[in-house]
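J.: Here you go, one structure.
The values are calculated or read from the model by the stated rules, or taken from the named source; none is laboratory data. Small disclaimer: the values here were computed from a predicted structure and weren't measured. Don't worry about glycine lacking a Cβ; one is built from the backbone with ideal geometry, like all the others, and counts go over all protein chains shown. Ligands, DNA and RNA are excluded from the accessible area calculation, which covers all protein heavy atoms including side chains. Shrake-Rupley method; radii C 1.70, N 1.55, O 1.52, S 1.80 Å.
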Amino acid sequence: MEKYKERSYRNVFKEIGKSDEAINKKIEEAFDIFFYDEKERIYHDAGEDMGYLEDTGNNDARTEGMSYGMMMCVQLDKKEEFDRIWKWAKTYMYMETGEHEGYFAWSCKTDGTRNANSPAPDGEEFFAMALFFASHRWGDGEGIFEYSREAKQILRACLHKGENGRPGAAMWSKENAQILFVPGSDFTDPSYHLPHFYELFALWADEEDRPFWKKAAVASREYLVKACHKETGLNPEYANFDGSPMTKDFPWGNFGNFFSDAYRTAANIGLDAEWWNDDRGQFNVPIRMMRFFGTDLEAVRCEYKIDGTPLQRPVLHPLGLLSTMAQSALAIPYSTEKGSDFETATKWVEWFWNQPLRKGVRRYYDNCLYLFALLALSGRYRIW
(Lines give C-alpha, C1' and ligand atoms only; values in the text may rest on other atoms or scores of the structure.)
Protein backbone atom coordinates (compact mmCIF):
# COMPACT_ATOMS: atom_id res chain seq x y z
CA MET A 1 0.00 0.00 0.00
CA GLU A 2 1.23 3.48 -0.88
CA LYS A 3 2.33 5.40 2.18
CA TYR A 4 -0.17 8.22 1.64
CA LYS A 5 -3.11 5.80 1.98
CA GLU A 6 -2.14 5.03 5.56
CA ARG A 7 -2.05 8.61 6.83
CA SER A 8 -4.60 10.39 8.98
CA TYR A 9 -5.42 14.08 8.72
CA ARG A 10 -5.24 16.54 11.59
CA ASN A 11 -8.31 18.47 12.62
CA VAL A 12 -6.65 21.63 13.93
CA PHE A 13 -10.00 23.21 14.81
CA LYS A 14 -10.73 20.29 17.12
CA GLU A 15 -7.24 20.55 18.60
CA ILE A 16 -8.02 24.11 19.71
CA GLY A 17 -11.35 23.14 21.23
CA LYS A 18 -13.97 23.42 18.50
CA SER A 19 -16.67 20.76 18.46
CA ASP A 20 -17.36 18.42 15.56
CA GLU A 21 -20.84 19.93 15.29
CA ALA A 22 -19.52 23.49 15.08
CA ILE A 23 -16.83 22.53 12.55
CA ASN A 24 -19.24 20.67 10.28
CA LYS A 25 -21.75 23.50 10.47
CA LYS A 26 -19.12 26.08 9.56
CA ILE A 27 -18.03 24.11 6.50
CA GLU A 28 -21.58 23.42 5.34
CA GLU A 29 -22.62 27.05 5.72
CA ALA A 30 -19.54 28.29 3.88
CA PHE A 31 -20.15 25.89 0.99
CA ASP A 32 -23.81 26.89 0.77
CA ILE A 33 -22.94 30.59 0.67
CA PHE A 34 -20.11 30.08 -1.82
CA PHE A 35 -22.17 27.96 -4.18
CA TYR A 36 -25.83 28.82 -3.65
CA ASP A 37 -26.51 32.05 -1.75
CA GLU A 38 -28.33 34.34 -4.20
CA LYS A 39 -26.41 37.45 -3.14
CA GLU A 40 -22.97 36.15 -2.21
CA ARG A 41 -22.31 33.04 -4.26
CA ILE A 42 -19.34 32.62 -6.56
CA TYR A 43 -20.70 29.58 -8.40
CA HIS A 44 -23.50 29.79 -10.98
CA ASP A 45 -25.34 27.07 -12.88
CA ALA A 46 -25.24 27.48 -16.65
CA GLY A 47 -27.96 25.61 -18.52
CA GLU A 48 -28.90 22.06 -17.69
CA ASP A 49 -25.49 20.56 -17.06
CA MET A 50 -22.78 23.21 -16.72
CA GLY A 51 -21.65 25.79 -14.20
CA TYR A 52 -18.89 28.33 -13.62
CA LEU A 53 -17.19 30.26 -10.85
CA GLU A 54 -17.08 34.02 -11.31
CA ASP A 55 -14.22 36.28 -10.35
CA THR A 56 -16.52 38.91 -8.92
CA GLY A 57 -13.87 41.61 -9.03
CA ASN A 58 -13.26 41.17 -12.75
CA ASN A 59 -16.59 39.73 -13.94
CA ASP A 60 -15.02 36.74 -15.64
CA ALA A 61 -14.42 33.02 -15.17
CA ARG A 62 -10.80 31.99 -14.71
CA THR A 63 -9.04 28.65 -14.79
CA GLU A 64 -7.80 29.49 -11.31
CA GLY A 65 -11.33 29.65 -9.89
CA MET A 66 -12.75 26.86 -12.03
CA SER A 67 -10.06 24.42 -10.96
CA TYR A 68 -10.34 25.59 -7.36
CA GLY A 69 -14.07 24.92 -7.49
CA MET A 70 -13.48 21.40 -8.78
CA MET A 71 -11.01 20.73 -5.96
CA MET A 72 -13.52 21.97 -3.37
CA CYS A 73 -16.23 19.77 -4.85
CA VAL A 74 -14.21 16.57 -4.93
CA GLN A 75 -13.08 17.14 -1.36
CA LEU A 76 -16.69 17.62 -0.22
CA ASP A 77 -18.16 14.83 -2.40
CA LYS A 78 -20.16 17.21 -4.61
CA LYS A 79 -20.07 15.30 -7.88
CA GLU A 80 -22.86 17.16 -9.69
CA GLU A 81 -21.24 20.55 -9.19
CA PHE A 82 -17.81 19.10 -10.08
CA ASP A 83 -19.09 17.73 -13.39
CA ARG A 84 -20.89 20.97 -14.23
CA ILE A 85 -17.74 23.04 -13.68
CA TRP A 86 -15.58 20.60 -15.62
CA LYS A 87 -17.96 20.52 -18.59
CA TRP A 88 -18.04 24.34 -18.72
CA ALA A 89 -14.24 24.45 -18.65
CA LYS A 90 -13.91 21.85 -21.42
CA THR A 91 -16.64 23.50 -23.51
CA TYR A 92 -15.43 27.10 -23.37
CA MET A 93 -11.87 27.18 -22.05
CA TYR A 94 -10.19 24.18 -23.64
CA MET A 95 -8.13 25.07 -26.72
CA GLU A 96 -8.10 22.37 -29.41
CA THR A 97 -6.00 24.15 -32.03
CA GLY A 98 -3.20 26.63 -32.34
CA GLU A 99 -0.15 27.41 -30.27
CA HIS A 100 -1.88 26.57 -26.99
CA GLU A 101 -3.83 23.48 -28.04
CA GLY A 102 -4.21 21.14 -25.09
CA TYR A 103 -4.30 24.02 -22.60
CA PHE A 104 -7.17 26.09 -21.19
CA ALA A 105 -7.79 29.79 -21.86
CA TRP A 106 -7.18 31.42 -18.50
CA SER A 107 -10.06 33.94 -18.72
CA CYS A 108 -13.52 33.84 -20.29
CA LYS A 109 -16.58 36.01 -20.04
CA THR A 110 -19.35 34.37 -18.03
CA ASP A 111 -21.16 33.55 -21.29
CA GLY A 112 -18.12 31.49 -22.33
CA THR A 113 -16.59 33.98 -24.78
CA ARG A 114 -12.82 33.96 -24.36
CA ASN A 115 -11.03 37.01 -23.04
CA ALA A 116 -7.68 35.36 -23.74
CA ASN A 117 -6.28 32.57 -25.87
CA SER A 118 -3.44 31.75 -23.51
CA PRO A 119 -3.18 29.65 -20.33
CA ALA A 120 -2.09 30.15 -16.72
CA PRO A 121 -0.28 27.05 -15.40
CA ASP A 122 -1.84 27.09 -11.93
CA GLY A 123 -5.16 26.26 -13.56
CA GLU A 124 -3.76 23.22 -15.36
CA GLU A 125 -2.11 21.75 -12.27
CA PHE A 126 -5.29 22.14 -10.18
CA PHE A 127 -7.46 20.72 -12.98
CA ALA A 128 -5.23 17.65 -13.23
CA MET A 129 -5.11 17.04 -9.49
CA ALA A 130 -8.87 17.47 -9.03
CA LEU A 131 -9.52 15.07 -11.91
CA PHE A 132 -7.27 12.38 -10.47
CA PHE A 133 -9.05 12.69 -7.14
CA ALA A 134 -12.43 12.48 -8.88
CA SER A 135 -11.34 9.31 -10.65
CA HIS A 136 -10.34 7.70 -7.37
CA ARG A 137 -13.34 8.93 -5.37
CA TRP A 138 -16.14 8.40 -7.89
CA GLY A 139 -14.68 6.27 -10.66
CA ASP A 140 -14.12 7.15 -14.30
CA GLY A 141 -17.07 7.82 -16.54
CA GLU A 142 -17.25 8.26 -20.29
CA GLY A 143 -16.03 10.99 -22.61
CA ILE A 144 -14.78 14.04 -20.74
CA PHE A 145 -15.81 12.36 -17.49
CA GLU A 146 -13.15 9.70 -17.87
CA TYR A 147 -11.35 11.74 -15.27
CA SER A 148 -8.00 9.94 -15.11
CA ARG A 149 -7.56 10.05 -18.89
CA GLU A 150 -8.31 13.78 -18.91
CA ALA A 151 -5.83 14.42 -16.08
CA LYS A 152 -3.06 12.53 -17.88
CA GLN A 153 -3.80 14.40 -21.10
CA ILE A 154 -3.41 17.76 -19.33
CA LEU A 155 -0.10 16.79 -17.76
CA ARG A 156 1.16 15.39 -21.05
CA ALA A 157 0.57 18.76 -22.69
CA CYS A 158 2.18 20.58 -19.76
CA LEU A 159 5.44 18.69 -20.23
CA HIS A 160 5.64 17.89 -23.92
CA LYS A 161 4.31 20.80 -25.91
CA GLY A 162 7.02 22.06 -28.24
CA GLU A 163 8.39 18.56 -28.76
CA ASN A 164 8.23 16.50 -31.97
CA GLY A 165 6.65 19.31 -33.95
CA ARG A 166 3.89 19.94 -31.45
CA PRO A 167 3.17 23.71 -31.38
CA GLY A 168 3.67 25.90 -28.35
CA ALA A 169 5.76 25.59 -25.22
CA ALA A 170 5.75 23.51 -22.06
CA MET A 171 4.60 24.77 -18.64
CA TRP A 172 7.60 23.35 -16.76
CA SER A 173 11.28 23.98 -17.36
CA LYS A 174 13.06 20.79 -18.32
CA GLU A 175 16.33 22.27 -17.03
CA ASN A 176 15.32 23.11 -13.45
CA ALA A 177 11.95 21.31 -13.18
CA GLN A 178 10.23 24.53 -12.05
CA ILE A 179 6.75 25.56 -13.10
CA LEU A 180 6.73 28.64 -15.33
CA PHE A 181 4.61 31.75 -14.97
CA VAL A 182 3.31 31.13 -18.48
CA PRO A 183 4.50 28.59 -21.06
CA GLY A 184 7.94 29.47 -22.32
CA SER A 185 8.60 32.26 -19.80
CA ASP A 186 11.93 32.69 -18.04
CA PHE A 187 10.53 33.20 -14.53
CA THR A 188 8.06 31.65 -12.12
CA ASP A 189 5.45 32.38 -9.48
CA PRO A 190 6.30 30.88 -6.06
CA SER A 191 2.62 30.33 -5.28
CA TYR A 192 2.34 28.05 -8.32
CA HIS A 193 4.79 25.59 -6.75
CA LEU A 194 2.75 22.64 -5.44
CA PRO A 195 5.16 19.83 -4.53
CA HIS A 196 2.37 17.98 -2.71
CA PHE A 197 0.60 17.66 -6.09
CA TYR A 198 3.74 16.66 -7.97
CA GLU A 199 4.32 13.73 -5.61
CA LEU A 200 0.96 12.36 -6.74
CA PHE A 201 1.58 13.13 -10.40
CA ALA A 202 4.71 10.99 -9.95
CA LEU A 203 2.38 8.11 -9.06
CA TRP A 204 -0.46 8.63 -11.52
CA ALA A 205 0.74 10.53 -14.63
CA ASP A 206 2.05 8.79 -17.76
CA GLU A 207 4.65 6.30 -16.62
CA GLU A 208 7.47 7.82 -18.66
CA ASP A 209 6.88 11.22 -17.01
CA ARG A 210 6.79 10.04 -13.42
CA PRO A 211 10.52 10.56 -12.73
CA PHE A 212 10.18 14.18 -13.86
CA TRP A 213 7.30 14.84 -11.46
CA LYS A 214 9.31 13.39 -8.58
CA LYS A 215 12.15 15.69 -9.57
CA ALA A 216 9.73 18.63 -9.73
CA ALA A 217 8.52 17.96 -6.17
CA VAL A 218 12.06 18.13 -4.83
CA ALA A 219 12.92 21.15 -6.98
CA SER A 220 9.87 23.09 -5.77
CA ARG A 221 10.55 22.42 -2.09
CA GLU A 222 14.12 23.56 -2.49
CA TYR A 223 13.00 26.56 -4.52
CA LEU A 224 10.57 27.73 -1.85
CA VAL A 225 13.40 27.89 0.68
CA LYS A 226 15.18 30.35 -1.62
CA ALA A 227 12.10 32.36 -2.61
CA CYS A 228 10.93 33.00 0.97
CA HIS A 229 12.94 35.59 2.90
CA LYS A 230 15.19 34.02 5.54
CA GLU A 231 13.93 36.35 8.28
CA THR A 232 10.38 37.44 7.41
CA GLY A 233 9.33 34.37 5.44
CA LEU A 234 7.70 36.64 2.85
CA ASN A 235 7.92 35.76 -0.83
CA PRO A 236 7.34 37.80 -3.99
CA GLU A 237 4.44 37.33 -6.37
CA TYR A 238 6.76 36.71 -9.35
CA ALA A 239 10.34 35.55 -8.96
CA ASN A 240 13.40 34.44 -10.88
CA PHE A 241 14.48 30.82 -10.95
CA ASP A 242 17.03 31.52 -8.20
CA GLY A 243 14.25 32.73 -5.91
CA SER A 244 15.08 36.44 -6.15
CA PRO A 245 12.14 38.85 -6.58
CA MET A 246 11.16 39.88 -10.07
CA THR A 247 12.29 43.46 -10.66
CA LYS A 248 10.89 43.82 -14.17
CA ASP A 249 7.83 46.03 -14.61
CA PHE A 250 5.01 44.48 -16.62
CA PRO A 251 2.22 46.32 -18.44
CA TRP A 252 -0.12 45.13 -15.67
CA GLY A 253 2.15 46.20 -12.80
CA ASN A 254 5.15 45.30 -10.65
CA PHE A 255 5.06 41.93 -8.91
CA GLY A 256 8.29 41.63 -6.95
CA ASN A 257 6.70 42.21 -3.55
CA PHE A 258 4.55 40.32 -1.05
CA PHE A 259 1.03 40.87 -2.36
CA SER A 260 -2.04 38.94 -3.50
CA ASP A 261 -0.59 35.98 -5.45
CA ALA A 262 2.13 35.54 -2.84
CA TYR A 263 -0.31 34.79 -0.02
CA ARG A 264 -0.94 31.27 -1.31
CA THR A 265 2.64 30.11 -0.82
CA ALA A 266 2.41 29.69 2.95
CA ALA A 267 -0.86 27.77 2.62
CA ASN A 268 0.74 25.46 0.07
CA ILE A 269 3.65 24.81 2.42
CA GLY A 270 1.18 23.91 5.17
CA LEU A 271 -0.68 21.42 3.00
CA ASP A 272 2.57 19.88 1.77
CA ALA A 273 3.61 19.35 5.38
CA GLU A 274 0.28 17.69 6.16
CA TRP A 275 0.39 15.39 3.15
CA TRP A 276 4.07 14.47 2.84
CA ASN A 277 6.26 15.89 5.64
CA ASP A 278 9.28 16.23 3.35
CA ASP A 279 11.08 19.26 4.74
CA ARG A 280 13.90 20.91 2.79
CA GLY A 281 13.76 23.95 5.06
CA GLN A 282 10.47 25.33 3.72
CA PHE A 283 8.50 24.28 6.82
CA ASN A 284 10.17 27.11 8.73
CA VAL A 285 8.53 29.74 6.53
CA PRO A 286 5.08 29.92 8.23
CA ILE A 287 6.38 30.54 11.76
CA ARG A 288 8.69 33.27 10.44
CA MET A 289 5.75 34.95 8.75
CA MET A 290 3.59 34.68 11.86
CA ARG A 291 6.30 36.25 13.97
CA PHE A 292 6.83 38.98 11.40
CA PHE A 293 3.17 39.95 11.44
CA GLY A 294 3.03 39.58 15.21
CA THR A 295 -0.19 39.65 17.18
CA ASP A 296 -1.77 42.68 15.52
CA LEU A 297 -4.04 41.92 12.59
CA GLU A 298 -3.49 45.46 11.33
CA ALA A 299 -0.05 44.31 10.20
CA VAL A 300 -1.67 42.44 7.30
CA ARG A 301 -3.23 45.60 5.83
CA CYS A 302 -0.57 46.65 3.31
CA GLU A 303 1.88 45.44 0.68
CA TYR A 304 5.43 44.61 1.78
CA LYS A 305 8.82 44.15 0.24
CA ILE A 306 9.95 40.66 1.13
CA ASP A 307 12.40 42.07 3.70
CA GLY A 308 9.39 43.43 5.60
CA THR A 309 9.51 47.05 4.45
CA PRO A 310 5.88 48.28 4.40
CA LEU A 311 4.61 50.00 1.27
CA GLN A 312 1.71 52.37 0.72
CA ARG A 313 -0.43 50.01 -1.32
CA PRO A 314 -3.30 48.63 0.78
CA VAL A 315 -4.13 44.93 0.84
CA LEU A 316 -6.87 43.94 -1.61
CA HIS A 317 -7.57 40.58 0.01
CA PRO A 318 -7.13 40.73 3.80
CA LEU A 319 -9.29 37.66 4.42
CA GLY A 320 -7.31 35.74 1.83
CA LEU A 321 -4.08 36.55 3.64
CA LEU A 322 -5.53 35.62 7.02
CA SER A 323 -6.85 32.35 5.58
CA THR A 324 -3.52 31.30 4.10
CA MET A 325 -1.66 32.22 7.27
CA ALA A 326 -4.05 30.06 9.28
CA GLN A 327 -3.68 27.13 6.87
CA SER A 328 0.09 27.39 7.10
CA ALA A 329 -0.22 26.39 10.77
CA LEU A 330 -0.25 22.81 9.48
CA ALA A 331 3.52 23.11 8.99
CA ILE A 332 4.35 24.36 12.49
CA PRO A 333 4.76 20.93 14.19
CA TYR A 334 7.27 19.96 11.49
CA SER A 335 9.32 23.16 11.63
CA THR A 336 12.89 23.07 12.95
CA GLU A 337 12.88 26.80 13.70
CA LYS A 338 13.90 27.47 17.30
CA GLY A 339 10.89 28.09 19.51
CA SER A 340 8.46 26.96 16.83
CA ASP A 341 5.56 25.99 19.08
CA PHE A 342 1.87 25.91 18.27
CA GLU A 343 0.86 28.80 20.55
CA THR A 344 1.54 31.47 17.92
CA ALA A 345 -0.12 29.42 15.21
CA THR A 346 -3.18 28.88 17.40
CA LYS A 347 -3.79 32.64 17.46
CA TRP A 348 -3.95 32.72 13.68
CA VAL A 349 -6.29 29.75 13.55
CA GLU A 350 -8.55 31.40 16.15
CA TRP A 351 -8.55 34.68 14.22
CA PHE A 352 -9.49 32.79 11.10
CA TRP A 353 -12.23 30.81 12.84
CA ASN A 354 -13.89 34.02 13.97
CA GLN A 355 -14.02 35.54 10.47
CA PRO A 356 -17.04 35.11 8.16
CA LEU A 357 -16.82 34.83 4.42
CA ARG A 358 -16.13 38.12 2.70
CA LYS A 359 -19.01 40.00 1.10
CA GLY A 360 -18.97 42.45 -1.77
CA VAL A 361 -17.31 42.78 -5.13
CA ARG A 362 -13.85 41.53 -4.11
CA ARG A 363 -15.05 38.37 -2.36
CA TYR A 364 -13.99 35.81 -5.00
CA TYR A 365 -10.28 35.37 -4.22
CA ASP A 366 -10.66 35.78 -0.46
CA ASN A 367 -13.45 33.25 -0.22
CA CYS A 368 -11.65 30.68 -2.37
CA LEU A 369 -8.69 30.80 0.01
CA TYR A 370 -11.07 30.84 2.98
CA LEU A 371 -12.82 27.64 1.90
CA PHE A 372 -9.52 25.87 1.24
CA ALA A 373 -8.32 26.83 4.73
CA LEU A 374 -11.55 25.51 6.25
CA LEU A 375 -11.01 22.17 4.53
CA ALA A 376 -7.32 21.93 5.39
CA LEU A 377 -7.65 22.90 9.05
CA SER A 378 -10.57 20.50 9.58
CA GLY A 379 -8.70 17.54 8.08
CA ARG A 380 -10.96 17.48 5.02
CA TYR A 381 -8.45 18.50 2.34
CA ARG A 382 -7.24 15.00 1.55
CA ILE A 383 -5.50 12.78 -0.94
CA TRP A 384 -8.08 10.67 -2.74
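J.: Could I have the simple spin-label model distance between Glu21 and His136, label points 7 Å from Cα toward Cβ, reported in nm to one decimal?
T.: 3.4
J.: Using the heavy atoms of the protein chains and a 1.4 angstrom probe, tell me the accessible area per residue for region 1-114 in square angstrom.
T.: Per-residue accessible area for region 1-114 comes out at 47 Å².
J.: Now for a separate question. With the calculation restricted to Cα positions, what are the radius of gyration and Dmax of region 281-344 in angstrom?
T.: Looking at region 281-344, its Cα Rg and Dmax stand at 12.1, 35 Å.
J.: Same structure again: Return the FRET efficiency for the residue pair Ala116, Asp242: r is the Cβ-Cβ distance, R0 is 30 Å, and the value is rounded to the nearest 0.05.
T.: That pair, Ala116 with Asp242, gives E of 0.55.
J.: Okay, moving on. Compute the distance from the alpha-carbon center of region 158-182 to that of region 39-77, in whole Å.
T.: Each part reduced to its Cα centre gives a spacing of 28 Å.
J.: Under 11 Å from the Cβ of Thr232, count the other residues' Cβ atoms, weight Lys and Arg +1, Asp and Glu -1, and hand me the total.
T.: +2
J.: Here is the link list: Lys90/Lys214; Lys79/Lys109; Lys14/Lys78; Lys152/Lys215; Lys5/Lys174; Lys87/Lys109. Which ones come out longer than 20 Å on Cα distance?
T.: On the way: Lys90/Lys214 28 Å; Lys79/Lys109 24 Å; Lys14/Lys78 24 Å; Lys152/Lys215 18 Å; Lys5/Lys174 30 Å; Lys87/Lys109 16 Å.
In this structure, Lys90/Lys214; Lys79/Lys109; Lys14/Lys78; Lys5/Lys174 exceed 20 Å between Cα atoms.
J.: Using the eigenvalues of the Cα gyration tensor, what equivalent ellipsoid semi-axes result for region 45-129 when each is taken as the square root of five times the eigenvalue, whole Å, largest first? Display every interim value, and only then the final one.
T.: Details: eigenvalues 71, 40, 28 Å².
After diagonalising the Cα gyration tensor, the semi-axes are 19, 14, 12 Å.
J.: How far apart, in nm, are the 7 Å Cα→Cβ label points at Arg280 and Glu175?
T.: Inter-label distance under the simple model: 1.7 nm.
J.: Same structure, new question: Quick one: which residues, 5+ away or cross-chain, put their amide H under 5 Å from the amide H of Asp55? H built at 1.01 Å from N.
T.: Hits under the 5 Å cutoff: Asp60, Ala61, Arg62.
J.: Return one quarter of the surface area of the convex hull spanned by the alpha-carbon atoms of the chain, equal to its mean projected area, in nm². Write down the numbers at each step before the final one.
T.: Details: hull surface 72.1 nm².
Averaging across all directions leaves 18.0 nm² for the Cα convex hull.
J.: Compute the distance in nm between two label points, each set 7 Å from the Cα along the Cα-to-Cβ direction, one at Asp49 and one at Thr91.
T.: Label at Asp49, label at Thr91, 0.9 nm between them.
J.: Using only the Cα atoms of region 301-374, construct the convex hull and provide its projected area averaged over every direction, in square nanometres to one decimal. Kindly include the intermediate steps, with their values, before the conclusion.
T.: Working: hull surface 23.3 nm².
Directional mean of the projected Cα hull area for region 301-374 stands at 5.8 nm².
J.: Let me ask another. Ranked from highest to lowest mean number of other Cβ atoms within 10 Å per residue, what is the order of the peptides 208-220, 66-78, 8-20?
T.: Final packing ranking: 66-78, 208-220, 8-20.
J.: While we're looking at this one, here's another question. Using amide H atoms built in the peptide plane, which far-off residues or other-chain residues are under 5 Å from Arg114 H to H?
T.: Under 5 Å from the amide H of Arg114: Lys109.
J.: From the backbone phi of region 117-134, what are the Karplus-calculated ³J(HN,Hα) couplings (6.51 cos²θ - 1.76 cosθ + 1.60, θ = phi - 60°) in whole Hz, Gly and Pro given as x?
T.: Values, residue by residue: 10, 9, x, 10, x, 5, x, 4, 5, 6, 4, 4, 5, 4, 5, 4, 4, 4 Hz.
J.: Here is a further query. Which one, Met290, Val315, Cys302, is farthest towards the positive end of the dipole of the chain when Lys and Arg carry +1 and Asp and Glu -1 on their Cβ?
T.: Met290
J.: Considering the Cα trace of region 140-194, what is its radius of gyration and what is Dmax, both in angstroms?
T.: 13.1, 38
J.: Count the net charge of all other residues whose Cβ sits under 12 Å from the Cβ of Ser107, scoring Lys and Arg as +1 and Asp and Glu as -1.
T.: -1
J.: Before I look further, what does region 249-384 give for accessible area per residue, probe 1.4 Å, in whole square angstrom?
T.: Accessible surface, normalised per residue, equals 37 Å².
J.: Using 0.36 nm per residue of separation minus the Cα-Cα distance, give me the extension gain between Arg210 and Glu28 in nm, one decimal.
T.: Values: separation 182, 0.36 × 182 = 65.52 nm, distance 3.65 nm.
Working it through step by step, the gained length comes to 61.9 nm.
J.: To the nearest 20 debye, what is the magnitude of the charge dipole of region 32-121 about its Cα centre, counting +1 on the Cβ of each Lys and Arg and -1 on the Cβ of each Asp and Glu? Write out the running numbers ahead of the final one.
T.: Working: 10 positive and 19 negative charges, 38 e Å.
The dipole magnitude comes to about 180 debye.
J.: Find the centroid of the Cα atoms in region 205-275 and in region 332-384, then give the distance between the two in whole Å.
T.: Their Cα centres are 19 Å away from one another.
J.: Only Lys, Arg, Asp and Glu count, each charged at its Cβ (+1, +1, -1, -1), so figure out the dipole size of region 258-312 about its Cα centre, rounded to 20 debye.
T.: 140
J.: Let me ask something else. If packing is taken as the average number of other Cβ atoms within 10 Å across a peptide's residues, how do 184-196, 168-180, 132-144 rank, most packed first?
T.: Packing proxy ranking, top to bottom: 184-196, 168-180, 132-144.
J.: Highest mean first, what order results for 240-251, 113-124 on Cβ atoms within 10 Å?
T.: Working: 240-251: 13.5, 113-124: 18.7.
Per-residue Cβ counts within 10 Å, averaged per peptide and sorted highest first, yield 113-124, 240-251.
J.: Can I get the semi-axes of region 105-242's equivalent ellipsoid? Compute them from the C-alpha gyration tensor as square roots of 5 times the eigenvalues, in angstrom, largest first.
T.: On the way: eigenvalues 125, 70, 50 Å².
Calculated on Cα positions only, the semi-axes equal 25, 19, 16 Å.
J.: I've got another one for you. When the dipole is taken about the Cα centre of the chain, and only Lys, Arg (+1) and Asp, Glu (-1) are charged at their Cβ, what size is it in debye, to the nearest 20?
T.: 700
J.: Looking at Thr336, Ser244, Asn277, which one has the Cα that reaches farthest to the positive end of the dipole of the chain (charges on Cβ: Lys, Arg +1; Asp, Glu -1)?
T.: Looking along the dipole axis, the top candidate is Thr336.
J.: Here's a follow-up. Can you give me the % of accessible surface on the chain that is carbon or sulfur? Probe 1.4 Å, all protein chains present, nothing else counted.
T.: 46
J.: Still on this model: Can you check what the net charge comes to around Leu357, using other residues whose Cβ is under 13 Å from the Cβ of Leu357 (Lys, Arg +1; Asp, Glu -1)?
T.: After counting each charged neighbour, the total is +1.
J.: Continuing with this model, one more query. Once you have the Kirkwood Rh of region 181-257 from its Cα pairs, apply Stokes-Einstein at 4 °C and 1.567 mPa s and quote D in µm²/s.
T.: 97
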